[in-house]
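Here the structure is laid out as structure tokens; the discussion comes afterwards.
Each reported figure results from applying straightforward, stated rules to the coordinates on display, with no laboratory input. Owing to the predicted nature of the structure, the values given are computational and were not obtained by experimental measurement. Quick reminder, even Gly has a Cβ in these numbers, built from the backbone with ideal geometry, and neighbours come from all protein chains shown.
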Amino acid sequence: MAQKIPQGFFSRNIEPVGYHDLNGRPAFKLAMQEVNNRWYLYFAHLWHRGWSVLDVTDPAAPEFRTFVAGPENSWTIQIQVAEGKMIAALERIAPSWGGVDGQPFVEGFFIFDVSEPTQPRRIGHFQTGSTGTHRNFYDGGNLVHAAAGAPGLTGKIYRIVDISDPTKPREVGRFSLPEQAAPTPGLKFSSHGPAHIEGNRAYLSYGDGGGTILDISDLSQPRMVSQLFFRGITATQGIHTFLPLHRRKIALINDEAIREDGDENLNLAGIVDISDEKQPRMISLFPLPEPPPESGLKNFYEKGGRFGPHNHHHPNHQACLEDRDDIAYLTYFNAGLRVYDIRDPRQPKEIAYFVPGDPKVRVGAKPSKLVAQSEDVIVDRRGCIYLSDKNHGIHIVRLKSIWPYE
């Protein structure tokens, strides 16, 4: 049975299609597969330990299918699905996010068989020997490209893991920055991930290490090609996403808003020219989201919660997901989902937005003021857009028109 779409939303050129409350367990990262003409949305939970599956074949009436419990006191917030496998990240919970300091946690990533889409079956476990993994990249085949902790190094590094035998996953290559050998006061060097892979190149978002391009033609020895730095410019997190659109030789890049009071540096989101991979260069910024007049807000900073960019839609070479490089979909925390026309990379334009209504019930500890906080977005081949939130279920929306101003 279809659930009611929470009211109080603001939208331009986007129409709501469906909603599911996820049985009171908000989602964080999203993934998808299409099997026998049925569409399955997989999601990792933010405040609860585990993963769930939603049948979204009818996007107006999504059906909850299963919940798989994860290990206690362990973050299970990141997920990837491809070729019948699910890569589920495990890591130590960051302070103030619901973990218990000093208690055991499980780290690394689980490998699940999801060839039976609604019955995930665990078949392997990779362990980092450290804090675990965050946003990993898996597009099928035998390799997982992990943003992983490593003994003796600060932050996360890039580790390449062979899962050809999922019962015995093994590292085959790694890369770290020299600054990770010891803490650097005032700076954060950490591979946030995912390490997007295009041929023999890996594109890494590396915090204060910037947008980093690696040559991985020799998996055992990834080699630096270039770095694009933003030290002292970006928000607290540093570079969060570096997403290549390889056909056009450009990349989408953004940091992540962290502070709820807005008292941090520029919220950076824009486009990088990577036609000369040895000298990538920033060529434009996305326009800053403005509150709709009917909201009564002067700006989104005064709304409460975080305001700033977070996650882009990532096609990840999956046939079930939309793969186009003329539009960018970006979640913006309390400003919801923003959609941009990037046909002219020098002049990106906002063409649509959807800001969910503020939640009525608090599920997790954040944000301190109970407002909508859009977390992740993916778009399927049918044009259905899926949006997760800290204290909501899944909103399913659709663009009304692609180029509304023409």
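In table form, for the structure just shown:
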read-out: Descending semi-axes in whole angstrom, ellipsoid equivalent of segment 1-146, from the Cα gyration tensor; value: 27, 20, 13
read-out: Radius of gyration, Dmax [segment 289-406; alpha carbons; angstrom]; value: 14.5, 43
read-out: In Hz, Karplus ³J(HN,Hα) per residue of segment 148-155 (6.51, -1.76, 1.60; θ = phi - 60°; x = Gly, Pro); value: 10, x, 8, x, x, 10, 8, x
read-out: Fully extended contour minus Cα-Cα distance, from E83 to N37, at 0.36 nm per residue; value: 15.0 nm
read-out: Percentage relative contact order, segment 250-302, counting C-alpha pairs under 8 Å, at least six apart; value: 28
read-out: Segment 371-376 - phi-based ³J(HN,Hα) in whole Hz, Karplus 6.51/-1.76/1.60, Gly and Pro as x; value: 10, 4, 9, 5, 9, 10
read-out: Relative contact order (%) - criterion: Cα under 8 Å, at least six apart; region: segment 10-399; value: 14
read-out: Kirkwood-Stokes translational diffusion coefficient of the chain, alpha-carbon pairs, 25 °C, 0.890 mPa s, µm²/s; value: 116
read-out: Full-extension gain in nm, K278 to A61, via 0.36 nm per residue minus C-alpha separation; value: 73.3 nm
read-out: Projected label distance in nm at L288 and A94, using a 7 Å step from Cα toward the beta-carbon; value: 2.3
read-out: Dipole of the chain [Lys/Arg +1, Asp/Glu -1 at C-beta], most positive-end residue of A202, A181, L268; value: A181
read-out: Hypothetical label at D165: residues of segment 87-124 whose amide nitrogen lies under 17 Å (7 Å Cα-Cβ projection); value: 111, 123-124
read-out: Theoretical gain in end-to-end length, I233 to R247 [0.36 nm per residue, Cα-Cα removed]; value: 2.2 nm
read-out: Spin-label model distance (nm) - D113 vs D323, 7 Å beyond Cα toward Cβ; value: 2.7
read-out: Histogram of C-alpha separations across segment 1-83, 10 Å bin width, %; value: 17, 44, 32, 7, 0
